[in-house]
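Novice: Below is a structure I'd like to ask you about.
The values are calculated or read from the model by the stated rules, or taken from the named source; none is laboratory data. Keep in mind the model is a prediction, meaning the values are calculated, not measured. Because the Cβ atoms are built from the backbone with ideal geometry, glycine has one as well, and the counts that use them run over all protein chains shown. Remember, those area values only see protein heavy atoms, side chains included, never the ligands or the DNA or RNA. Shrake-Rupley method; radii C 1.70, N 1.55, O 1.52, S 1.80 Å.
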Amino acid sequence: MLTLATLLCPAQSQFGSGAIGSLTNKNNGGRQSGTTTDDDEDVKPQPVVIIIKDQGLSFGFDVAPIIMRFINKEQTGLAFNARYGFAKRWWAGAEAGYENVKYDKQDYSYESNGMFLRIGADYDIFMSRDYPTNNNILIGARYGYAWQNHESSNFEILDTYWGSYKGSVKKTPVNSHWLEALFGLRCEMLPNIYMAWSFRCKVRLTSTHSDEMNPYAIAGLGKYDSRVALGFTYTFEFQIPTNRKSKKSIISNPDIQ
């Protein structure tokens, strides 16, 4: 009752404990605080309020490829993502993008253009009962697939014994499959506006291409010369709150928590 009285009338805290004690005695009809009545025995434990987060369909833009452009001038890309909360703590995720790699060196040239798609699910391990929040700590997995074409318009192999050789490789297709494990954070900066980042560990499963030339990089995956690659995403998202009603608190029995 003290906590409820304080919430209903915060100003009474200015009068000290004596005023609160007077209010308690008045409500008890003059009974001593240590007195037990039949009404007191019927008091049930207060229920617990559990906050349910907003979930809906989100669309986002990944700025990580733009950041990578400043680090590697030969690589250009765009990436977009979407996610949908289909259960209390589960999100379905999809990502798609484009990547171009182009090298013009003195003894060779190389160009690759490709698209990639990643699909999977995330699980939110962050649940708060102390205050309402729409932030997420996510662990998840993705399946990735990329299709691209690569070519070398000219290359030169220098050999003083056998002699130098010049040639070219025509445009050929490359198809790749891989799996990803991820850990990430997602924060609501403004209503329905989110910032999210994730670290990825990627393992290439297969990559089919001609024997003439190995791809330099797999779109959406990373360099071809390593089967395991690390990745990073940094997205800004807008969420359409398709189930806004779920933001209402749920009253539950504390005995079954």
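Novice: If only one of TYR98, TYR103, TYR110 is touching a strand residue (DSSP E or B) at 6+ places or on another chain (Cβ under 6 Å), closer than 26 Å to MET68 by Cβ and either in a loop (DSSP other than H, G, I, E, B) or open to solvent by 40 Å² or more (accessible area, probe 1.4 Å) (or both), which one is it?
Specialist: TYR98
Novice: Scan the range 203-216 and tell me whether some residue there is closer than 18 Å to GLY77 by Cα and not in a strand (DSSP E or B).
Specialist: Looking for residues that are closer than 18 Å to GLY77 by Cα and not in a strand (DSSP E or B), one finds at least one in the range 203-216, hence yes.
Novice: Also: Starting from residues that are of a type in the set (Phe, Trp, Tyr) and modelled with pLDDT of 95 or more, keep the ones in the range 163-210 and report whichever is surrounded by the most Cβ atoms within 10 Å (Cβ to Cβ).
Specialist: TRP178
Novice: For the range 134-191, name all the residues that are over 28 Å from SER226 (Cβ atoms), touching a residue at least 24 places away in the same chain (Cβ under 8 Å) and hydrophobic (A, V, I, L, M, F, W, C).
Specialist: Of everything in the range 134-191, those that are over 28 Å from SER226 (Cβ atoms), touching a residue at least 24 places away in the same chain (Cβ under 8 Å) and hydrophobic (A, V, I, L, M, F, W, C) turn out to be ILE137, CYS187.
Novice: If you don't mind, another one. Just to be sure before I move on: is LEU205 under 29 Å from LYS53 (Cα atoms) and aliphatic (A, V, I, L, M) in the structure I sent?
Specialist: For LEU205, the condition - under 29 Å from LYS53 (Cα atoms) and aliphatic (A, V, I, L, M) - is not met.
Novice: Looking at the range 211-256 only, could you name the residues that are of a type in the set (S, T, N, Q), at pLDDT 90 or above and in contact with a strand residue (DSSP E or B) (Cβ under 7 Å, 6 or more places away or on another chain)?
Specialist: THR233, THR235, GLN239, listed by residue number.
Novice: When you go through (1) closer than 25 Å to ILE137 by Cβ; (2) open to solvent by 70 Å² or more (accessible area, probe 1.4 Å); (3) at pLDDT below 65 one by one for ASP39, which number turns out not to apply?
Specialist: Result: ASP39 passes all but (1).
Novice: Tally up the residues in the range 139-168 that are assigned to a strand (DSSP E or B) and hydroxyl-bearing (Ser, Thr, Tyr), please.
Specialist: Residues flagged as assigned to a strand (DSSP E or B) and hydroxyl-bearing (Ser, Thr, Tyr) within the range 139-168 amount to 6.
Novice: Take the residues of the range 121-170 that are touching a His at 6+ places or on another chain (Cβ under 8 Å) and hydroxyl-bearing (Ser, Thr, Tyr): which is farthest from MET189 (Cα to Cα)?
Specialist: Ranking the candidates gives TYR145 first.
Novice: Here is a further query. What single numbered condition from (1) free of Cβ contacts under 8 Å to residues at least 60 places away in the same chain; (2) among the charged types (D, E, K, R); (3) surrounded by 18 or more Cβ atoms within 10 Å (Cβ to Cβ) fails to hold for ARG227?
Specialist: Only one criterion in (1) free of Cβ contacts under 8 Å to residues at least 60 places away in the same chain; (2) among the charged types (D, E, K, R); (3) surrounded by 18 or more Cβ atoms within 10 Å (Cβ to Cβ) is unmet by ARG227, namely (3).
Novice: Does PHE238 satisfy the criteria of being surrounded by 13 or more Cβ atoms within 10 Å (Cβ to Cβ) and out of contact with any helix residue (DSSP H, G or I) (no Cβ under 8 Å at 6 or more places or on another chain)?
Specialist: yes
Novice: How about the range 52-78: which of its residues are in a helix (DSSP H, G or I) and surrounded by 14 or more Cβ atoms within 10 Å (Cβ to Cβ)?
Specialist: Residues satisfying the conditions are ALA64, PRO65, ILE66, MET68.
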